[in-house]
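One structure is given here, and the rest of the page talks about it.
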Amino acid sequence: MDGNGRWAKERGLSRSEGHRAGAEAVRRTVEACTDVGIEVLTLYAFSSENWKRPKAEVEALMRLLERFLTDKLDEICERNVRFQAIGQLDKLPKRCQEALHRAIAKTAENTGLTLVLALSYGGREEIVDATKSIVRHVAEGHLDPAMINTEVFAAHLYTRYYPDPDLLVRTSGELRLSNFLLWQVSYAEIFVTKKLWPDFGRDVLDEAIEEFSRRERRFGDVSPP
Ligand code: FPP
């Protein structure tokens, strides 16, 4: 969800105010995704590398996340959204972890949009964690190394409960993956918009879906005759 900082700078506001506007765009986008009937939405809210940011910005982001999970919980619940999270969640402040677990528990039975928050998340870290998990299973005698294939590997990723993304949306015109779902986006269609994240909403989502529907997905195969 890139561009909160630039959005704020353009308006002479602080970066934290940009993130606040970003949180409002999250609310809007979740609403738009439930209207459209999207099944799974994964939002890259805080990366493994974001811990390097100034302490005040990290704290502001964590407070914002906690407030979002608390204040917006009823609204999210009414929309039948199921909260989930991926990443090294034990690194988050205790209050954030508690708010997250409350939101996950309260929405566990919901059957609409699955909203996955990627928090303290890094694709490389996820692959390393999956490798450690596989090694543990082998060492304990639960897994034969000869059985390891892409399906077995994927079953040890944080995302084992969700399908691979069909569409990857990147805001602010950035043309890189930034350590996001490195394994899972192998065949995702990429849509890049110049819009900054706080300006994201139904119109850009519709544009992305429209472009997605025009792509021919071959998954390495050839087009049908
Ligand atoms: C990257 O843009 C954005 C982040 C590191 C934080 C994203 C957080 C939110 C959108 C709000 C909180 C999230 C939830 C789920 C309530 P940037 O700040 O690096 O922007 P810049 O590249 O323009 O500086």
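The values are calculated or read from the model by the stated rules, or taken from the named source; none is laboratory data. The structure presented is a predicted model; accordingly, all values stated were derived computationally and were not measured. Neighbour counts are summed over all protein chains in view; Cβ atoms, including those assigned to glycine, are modelled from backbone coordinates with ideal geometry. Accessible surface is based on the protein model in full, side chains and every heavy atom, while ligands, DNA and RNA are left aside. Shrake-Rupley method; radii C 1.70, N 1.55, O 1.52, S 1.80 Å.
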> When ranked by the protection proxy of mean other Cβ atoms within 10 Å per residue, highest first, what sequence do the peptides 166-179, 16-29 form?
Replying inline: 16-29, 166-179
> Per the Debye formula with a single identical scatterer at each Cα and no solvent contribution, what log10 I(q)/I(0) holds for the chain at q = 0.09 Å⁻¹?
Replying inline: -0.40
> To the nearest 10 square angstrom, what accessible area does ARG15 show with a 1.4 Å probe?
Replying inline: 100 Å²
> Excluding ligands, DNA and RNA, what is the solvent-accessible area per residue of the range 77-133 at a probe of 1.4 Å, expressed in Å²?
Replying inline: 48 Å²
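Of the heavy-atom accessible surface of the range 43-91 (probe 1.4 angstrom), what whole percent is carbon and sulfur?
48 percent
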> Expressed as a rounded percentage, what relative contact order does the range 137-225 have, with Cα pairs under 8 Å and six or more residues apart?
Replying inline: 24 percent
> With every protein chain left in place, what is the accessible area per residue of the range 1-40 in square angstrom, probe 1.4 Å?
Replying inline: 52 Å²
>> How high is the relative contact order of the chain? Use alpha-carbon pairs under 8 Å, at least six apart in sequence, and give a whole percent.
In response: 26 percent
>> Given 20 °C and 1.002 mPa s, compute D for the range 184-225 with the Stokes-Einstein relation, Rh being the Kirkwood radius over Cα pairs; round to the nearest whole µm²/s.
In response: 175 µm²/s
> In the range 110-225, carbon and sulfur make up what percent of the accessible area (probe 1.4 Å)?
Replying inline: 55 percent
>> Full-extension gain between LYS91 and GLU78, please, as 0.36 nm times their residue separation minus the C-alpha to C-alpha distance.
In response: 1.7 nm
>> Rounded, prolate or oblate, given the Cα gyration tensor of the range 1-100, with a/c below 1.5 counting as rounded?
In response: oblate
>> Show me the GluC sites (Glu not before Pro) within the range 81-127 that DSSP assigns to loop and that have at most 10 other Cβ atoms within 10 Å of their Cβ.
In response: GLU109
> Can you give the relative contact order of the range 1-130 as a percent, counting alpha carbon pairs under 8 Å and 6+ residues apart?
Replying inline: 32 percent
>> Apply the Karplus curve 6.51 cos²θ - 1.76 cosθ + 1.60, θ = phi - 60°, to the phi angles in the range 183-196 and return the couplings in whole Hz, x for Gly and Pro.
In response: 6, 6, 8, 3, 10, 6, 7, 9, 10, 10, 10, 6, 4, 7
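Return the calculated 222 nm mean residue ellipticity for the chain, to the nearest 500 deg cm²/dmol, obtained by summing -39500 (n - 2.57) across DSSP H runs with n ≥ 4 and dividing by the residue count. Mind dumping the intermediate values first?
On the way: 8 runs with 100 residues, N = 225.
Calculated mean residue ellipticity at 222 nm is -14000 deg cm²/dmol.
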> Principal axis lengths of the range 32-149 from Cα atoms, whole Å, largest first?
Replying inline: 47, 38, 23
> Ordering HIS156, HIS142, HIS137, HIS101 by how much accessible area each has at a 1.4 Å probe, largest first, what is the list?
Replying inline: HIS142, HIS101, HIS137, HIS156
>> Which one, ASN50, HIS137, ILE38, is farthest towards the positive end of the dipole of the range 35-178 when Lys and Arg carry +1 and Asp and Glu -1 on their Cβ?
In response: ASN50
